[in-house]
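Report on the structure given below.
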Amino acid sequence: MKKVKVAILASGRGSNFKAILKEINAGTCNAEINVLITNNPDAPAISIAEENDIPVEIIERKFFTNREDMDVKIKEILDQYEVDLVVLAGYMLVLKGKELLEAYKNKIINIHPALLPSFPGVDAQKQAFDYGVKVSGVTIHFVDATLDAGPIIYQEVVDISNCKTAEETAAKILKIEHKAYAKIVDSFSKGKYIVDGRRAKYILD
Ligand code: GRF
């Protein structure tokens with residue numbers, strides 16, 4: 001079976017990136033990570049890439065006059081590394097480039113630490129905790145021009161009713177994210193998602 005060629009986009013700590021690498025190394029995720037792209041030269045994710053001999057491309061916002069141009073540069077890098085799948089793992093900028101979004105339509109995925117459409121945007125775990133919901137969870141979805149509202153690929157419920165703080169909530173959800181993201185990346189090597197309107201239906205090869 002052909003491995004999924006992946007680009008990771010991350011801005012920060014990179015624990016999802018690390019978790020996917022772990023599953024790849026364990027043989028449970030049939031993928032290879034060809035490149036890490038980050039907008040943050042201080043992202044801890046960079047050292048994870050370096051330790052694993054994964055090329056790093058730093059694309060900083062300040063070197064571009066607008067976000068469209070920045071995303072054109074990202075698209076050029078994705079083309080250069082010939083990736084099949086773009087995995088956003090804590091990438092803190094919304095992708096805005098039309099050219100990038102069109103060229104990689106239904107090939108860019110994101111993980112969100114809540115059950116969308118509840119609690120979109122930043123601090124989703126704190127939003128859920130503060131609201132007092134009993135269950136929250138994880139959503140993996142395709143990325144389009146909307147914020148956290150592309151077609152949903154996968155959701156998993158996490159019981160947060162016993163969590164005492166927002167931090168505890170985030171930690172409980174993060175554990176589930178790590179398993180779920182690698183599982184979904186792996187699924188791209190065994191089948192495809194057909195997107196029809198808001199629905200992404202999985203078909204095995
Ligand atoms: C995760 O909680 C993810 O759901 C969200 O950003 C966070 C990234 O964490 N989109 P990490 O950098 O993967 O540790």
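The values are calculated or read from the model by the stated rules, or taken from the named source; none is laboratory data. It should be emphasised that the depicted structure is a prediction, and the values quoted were computed from it without experimental measurement. Using ideal geometry, Cβ is built from the backbone for each residue, glycine included, and neighbour counts are taken over all protein chains shown.
Taking the residues in region 118-134 that are touching a residue at least 40 places away in the same chain (Cβ under 8 Å) and within 15 Å of Asp159 (Cβ to Cβ) as candidates, determine which candidate is nearest to the chain's Cα centre (by Cα).
Applying the filter and picking the extreme gives Gln125.
So which of Ser161, Ser189 is surrounded by 14 or more Cβ atoms within 10 Å (Cβ to Cβ) and out of contact with any helix residue (DSSP H, G or I) (no Cβ under 7 Å at 6 or more places or on another chain)?
Ser189
Of everything in region 14-47 that's free of Cβ contacts under 8 Å to residues at least 12 places away in the same chain and assigned to a loop (DSSP other than H, G, I, E, B), which residue is nearest to the ligand (Cβ to nearest atom)?
Asp42
Condition (residue is over 15 Å from the mean Cα position of the chain (by Cα), part of a strand (DSSP E or B) and either at pLDDT 95 or above or at positive phi (or both)) applied to region 71-94: is it met by at least one residue?
Within region 71-94, not a single residue is over 15 Å from the mean Cα position of the chain (by Cα), part of a strand (DSSP E or B) and either at pLDDT 95 or above or at positive phi (or both).
Would you point out the residue of region 109-139, among those that are of a type in the set (Val, Ile, Thr) and surrounded by fewer than 24 Cβ atoms within 10 Å (Cβ to Cβ), that is modelled with the lowest pLDDT?
Val122
Starting from region 83-102, take each residue that is under 13 Å from Val185 (Cα atoms) and among the β-branched types (Val, Ile, Thr) and list its partners that are outside any helix (DSSP H, G or I) and away from the ligand (no atom under 16 Å from the Cβ), counting only C-beta distances under 7 angstrom and pairs at least six apart or across chains.
Matching pairs, first to second residue: Val83/Lys5; Val83/Asn34; Val86/Tyr104; Val86/Lys107.
Kindly evaluate Ser11 against the criterion of being hydroxyl-bearing (Ser, Thr, Tyr), crowded, with 17+ Cβ neighbours inside 10 Å and within 16 Å of the ligand (Cβ to nearest atom).
Considered against the rule, which asks whether it is hydroxyl-bearing (Ser, Thr, Tyr), crowded, with 17+ Cβ neighbours inside 10 Å and within 16 Å of the ligand (Cβ to nearest atom), Ser11 comes out as yes.
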